[in-house]
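Bear in mind that the values in this text are calculations on the coordinates, not laboratory data. Note that this is a predicted model, so its numbers are computed, not measured. Because the Cβ atoms are built from the backbone with ideal geometry, glycine has one as well, and the counts that use them run over all protein chains shown.
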């Protein structure tokens with residue numbers, strides 16, 4: 001109730017709470033930098049005109065925003081046409097084909113590495129991965145539901161899965177489409193349960209092969225010699241040992257990364273108990289669709305205690321109960337809220353916004369829209385020192401440059417490859433931590449040079465995969481001073497330092513061709529220090 | 001937090017002057033004063049991704065069980081390049097025999113991870129983070145060494161990975177470079193004049209308006225570009241009669257040699273090679289694995305010959321995430337196993353020896369009844385190289401949760 005009243009209060013207010021230091025345009029720019037992938041031409045004015053708080057409310061309710069243009073573009077992505085069972089079949093076929101080729105190549109004494117440029121049976125899955133990456137870039141660049149795309153990226157990292165690990169090559173599309181996206185602005189508990197049940201996570205963190213010690217399947221899996229690589233628990237074929245006990249990987253990361261946090265007050269005994277609770281949570285074989293399955297025979301029927309709570313005789317319900325319990329822990333609320341604030345407010349967020357987020361979480365049982373609203377209305381979010389204090393991630397940098405220059409991303413994976421070169425290959429973080437929210441992960445000399453290269457290429461119309469539409473953003477002019485003023489306002493929202501202005505002006509001194517002058521000014525600006533910040 | 005630590009790392013040698021001075025200035029000053037000595041030690045790490053079959057690389061030809069378990073893929077005794085009567089080199093590695101004879105090549109057998117995983121992904125991750133069994137470690141052990149050990153000069157080329165991206169082993173807060181191609185590092189603009197001009201313009205922009213990590217990192221990048229331009233590593237052609245094998249590995253080794261000769265302060269170089277996951281028809285004296293080993297042997301031999309006297313202070317280490325099954329499988333290949341073998345090569349190496357305790361191939365001596373048991377934790381070898389070759393002072397922070405014990409070092413570096 002209190003939250004609602006508060007919301008009504010800002011909607012009525014001309015400027016957000018605590019934003020006295022920011023003009024209406026500055027507030028709009030700040031919101032577009034954090035809740036969206038930066039402004040497109042004209043966005044700052046239109047958000048300022050509409051009122052930034054109203055725009056934020058719209059973003060928090062994305063289902064009421066039309067997104068026709070993106071929907072049209074999404075049709076070109078064939079990755080959205082396949083379902084998991086179909087992909088599982090094709091993956092098994094690809095594995096068999098690869099084995100056949102390896103036989104043939106080995107007979108001729110050749111290397112196992114497929115020759116460069118030759119298709120190879122796994123090409124389809126490499127392409128699928130590229131398709132999925134590019135789809136993320138296109139959605140981030142074009143969607144009207146910007147906050148939802150930002151939250152999809154946030155949760156994809158929070159519940160990280162590495163697409164390069166075996167079966168995750170084909171499980172990833174359904175993980176993004178069916179597990180993450182529908183819950184991006186929903187209740188945390190629902191998302192947590194969805195990830196726990198997702199074949200992608202069950203495979204990535206090895207829970208699929210975690211079984212109660214001594215448990216035996218009703219019929220030996222080993223007898224079925226056909227297929228199964230990559231999905232079935234390791235065992236049976238090739239003389240590899242059958243899994244013989246619990247695997248703690250998922251249990252540990254669930255507590256440390258997904259919920260309570262590393263200082264969340266759990267012990268190794270809790271980790272073991274959690275692993276025992278999740279014994280039996282597994283994946284069907286690919287022939288059966290590679291979906292979630294609970295294997296009763298593999299479940300540990302003994303009593304387990306987690307953080308003082310007892311679980312027994314519940315079968316699969318034990319795990320669901322545990323996930324609900326974890327989602328409702330104060331440590332979880334604090335850990336996830338602090339991470340959200342690190343994304344939206346500052347690398348090391350002030351306590352005020354974190355406390356506000358936790359309070360909203362308590363009040364709404366983890367409704368992410370309420371939690372986010374609490375962050376976006378906290379004075380910390382609007383403090384003048386918060387504006388432009390965060391370094392953009394590679395994805396944020398590239399997509400914001402594409403949006404700022406009115407560029408249109410194509411369907412090829414080339415822009416996603418640029419994001420990878422900048423240091424953030426999407427879905428390819430092997431560690432379960434996901435990518436960091438903080439600048440230390442992104443800023444190194446090679447990565448900065450790569451950003452400068454991408455900026456210069458984009459400005460010169462040479463960036464593969466995106467044609468900039470500079471005429472719309474920065475009309476040609478032979479007056480260099482006017483050109484730089486325009487670049488400053490349109491690309492940096494007026495944040496250009498006098499020093500930057502002087503350096504660019506000096507560079508332009510002997511350039512007479514207005515097209516060349518514009519490309520130079522835009523390239524230096526997008527690759528320069530101010531544009532790396534948000 | 002990270003920013004201040006980096007600033008501290010950079011200015012470590014100048015703490016006296018640090019009061020009230022801008023860290024950026026200090027960084028530059030520290031850099032100028034601490035130009036590396038040309039003879040400083042270098043470690044080159046070569047990761048064989050996919051799990052090399054240690055038993056066919058360093059062949060225990062003195063063990064009848066080796067031949068009994070591998071009827072189709074064992075290296076026939078007459079083909080093995082004998083080393084000590086018990087072990088020998090795969091014939092493809094014959095180019096390395098001269099280095100064994102002059103005592104600059106050692107093999108470490110039965111080495112690996114205390115973690116039992118047979119997943120490439122997990123095992124590579126553990127070998128690079130240096131924390132077997134702990135998946136959430138964010139940084140790599142080489143980077144932790146660089147950020148904790150402040151005794152060494154801090155140049156943009158201190159730790160360099162050859163490849164398009166920074167590998168896990170170099171991930172972390174200490175400066176490190178990923179270089180795909182030495183000749184193309186920097187702004188990618190074909191005309192040199194335009195490139196120089198834009199580079200200078202960006203440098204001025206960052207000098208003027210960047211703060212914190214953006215400032216220090218961009219400065220490192222521009223320093224690296226300037227140094228490369230000044231020393232022009234490409235001018236260092238391979239020594240006479242040295243021919244690197246064609247392919248990525250040879251090209252990378254050549255570029256590492258160029259960086260070493262250019263004296264830019266390189267301390268640790270990292271490169272990787274693929275194609276070692278030989279589940280099917282891996283071959284014997286010839287075939288698939290033989291082809292991969294031939295490239296490796298020719299590449300390492302060329303590298304050692306090219307560097308000549310400079311090899312006195314260089315150690316090359318090969319590593320791989322685990323070994324392969326003792327018994328060949330039904331497809332004339334081998335499956336994921338446990339311990340493998342690594343090679344150490346260079347002047348400081350205690351060469352001419354197969355190091356480590358050989359556990360034997362008997363069923364009761366095996367790990368889980370099928371694989372070569374691990375008798376040397378890979379961290380004992382890596383730790384020894386850091387301490388005895390590079391002079392690291394503090395291993396506890398490089399390998400957290402591990403108790404480094406010099407008694408357990410395999411003895412890869414000459415005393």
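What residues from region A:126-165 fall in the zone where the backbone N is under 15 Å from a label point 7 Å along the Cα-to-C-beta line of residue A:72?
So the set is A:142-144.
To the nearest 500 deg cm²/dmol, what mean residue ellipticity at 222 nm is calculated for the protein assembly as shown from DSSP H runs of n ≥ 4 alone, each contributing -39,500 (n - 2.57), summed and divided by the residues? Walk me through the numbers on the way to the answer.
Numbers: 37 runs with 404 residues, N = 949.
Helices in the protein assembly as shown give a 222 nm mean residue ellipticity of -13000 deg cm²/dmol.
For region A:429-459 and region B:232-257, what is the centre-to-centre distance using only Cα atoms, to the nearest Å?
Result: 29 Å between the Cα centres.
For a quick check, take a GNM of chain B with Cα springs below 10 Å and name the residue from B:171, B:77, B:107 with the largest mean-square fluctuation.
Judging by the Gaussian network model, the answer is B:77.
Need one number: nm distance between label points at residue A:97 and residue A:462, each 7 Å from Cα along Cα→Cβ, rounded to one decimal.
Taking the two extended label points, one gets 3.7 nm.
Provide the percentage of antiparallel DSSP beta bridges, counting only those with both residues in chain B; round to the nearest 5. Could you put the intermediate results ahead of the total?
On the way: 15 of 38 bridges.
Antiparallel bridges make up about 40 percent of those DSSP assigns within chain B.
Using 1/(1 + (r/R0)^6) with R0 = 35 angstrom and r between the beta carbons of residue B:312 and residue B:181, what's the FRET efficiency to the nearest 0.05? Please list the in-between numbers first.
On the way: r = 28 Å, r/R0 = 0.81.
Efficiency for this residue pair is about 0.80.
Just to confirm my numbers, what's the Cα centroid distance between region A:311-325 and region B:69-108 in Å?
If you average the Cα positions of each part, the centres end up 56 Å apart.
Put a dot 7 Å past each Cα toward the Cβ at residue B:243 and residue B:68; how far apart are the dots in nm?
4.5
With label points built 7 Å along Cα→Cβ from the Cα atoms of residue B:197 and residue A:297, find their separation and express it in nm.
Between residue B:197 and residue A:297, the label points sit 7.5 nm apart.
Which of B:176, B:332 comes first, and how do the rest follow, when ranked by fewest Cβ neighbours within 10 Å?
On the way: B:176 28, B:332 22.
Result, fewest neighbours first: B:332, B:176.
Looking at the square roots a ≥ b ≥ c of the eigenvalues of the Cα gyration tensor of region B:236-391, which shape do they give, rounded for a/c under 1.5, prolate if a/b is larger than b/c, or oblate? Before the final figure, lay out the partial values.
On the way: a/c = 2.62, a/b = 1.50, b/c = 1.75.
The shape class here is oblate.
In units of 2.2 N^0.38 Å, what is the alpha-carbon radius of gyration of chain B? Walk me through the numbers on the way to the answer.
Numbers: Rg = 22.1 Å, N = 415, 2.2 N^0.38 = 21.7 Å.
Computed over Cα atoms of chain B, the ratio equals 1.02.
Please give the Cα centre distance for region A:129-194 versus region B:383-415, rounded to the nearest Å.
Between the Cα centre of region A:129-194 and that of region B:383-415, the gap is 42 Å.
So how tilted is helix A:394-404 from the main axis of chain A? Cα-based, degrees 0 to 90, rounded to 10.
Its long axis makes an angle of about 40 degrees.
Under the rule a/c < 1.5 gives rounded, and otherwise a/b versus b/c splits prolate from oblate, where does the protein assembly as shown land using the Cα gyration tensor? Provide the component values of the computation, followed by the final result.
Numbers: a/c = 1.79, a/b = 1.23, b/c = 1.46.
Oblate.
Measure nothing fancy, just the Cα-based angle from helix B:23-33's long axis to the longest principal axis of chain B, in degrees from 0 to 90, nearest 10.
The angle comes out near 70 degrees.
Test of understanding: in a Gaussian network model of chain B with alpha carbons linked when under 10 Å, which of B:98, B:193, B:396 would top the mean-square fluctuation ranking?
B:193
Compute the length gained on full extension between residue A:363 and residue A:267: take 0.36 nm times their separation in residues and subtract their Cα-Cα distance, giving the result in nm to one decimal.
Result for the pair: 31.7 nm of gain on full extension.
How much length would be gained if the chain were fully extended between residue A:312 and residue A:287, taking 0.36 nm per residue of separation minus their Cα-Cα distance, in nm to one decimal? Each step should come with its number before you reach the end.
Numbers: separation 25, 0.36 × 25 = 9.00 nm, distance 3.24 nm.
Going from the current span to full extension adds 5.8 nm.
Would region B:269-327 count as rounded, prolate or oblate if I go by the C-alpha gyration tensor, calling it rounded below 1.5 in a/c and otherwise prolate when a/b exceeds b/c, oblate otherwise?
Values: a/c = 2.99, a/b = 1.95, b/c = 1.54.
Cα axes put region B:269-327 in the prolate bin.
Take the alpha-carbon positions of region A:137-183, form their convex hull, and give its projected area averaged over all directions (one quarter of the hull surface) in nm².
Details: hull surface 13.3 nm².
Taking a quarter of the hull surface, the average projection is 3.3 nm².
Assuming a viscosity of 1.306 mPa s and a temperature of 10 °C, what translational diffusion coefficient in µm² per second does Stokes-Einstein assign to chain A, Rh being the Kirkwood radius over Cα pairs?
Details: Rh = 25.1 Å.
Value of D from the Cα-based Kirkwood radius: 63 µm²/s.
Report, in degrees rounded to the nearest 10, the 0 to 90 angle that the Cα long axis of helix B:212-231 makes with the longest principal axis of chain B.
Rounded to the nearest ten degrees, it is 80.
Over the protein assembly as shown, what is the percentage of antiparallel beta bridges among all DSSP beta bridges, to the nearest 5? Walk me through the numbers on the way to the answer.
Working: 25 of 48 bridges.
Of those bridges, close to 50 percent are antiparallel.
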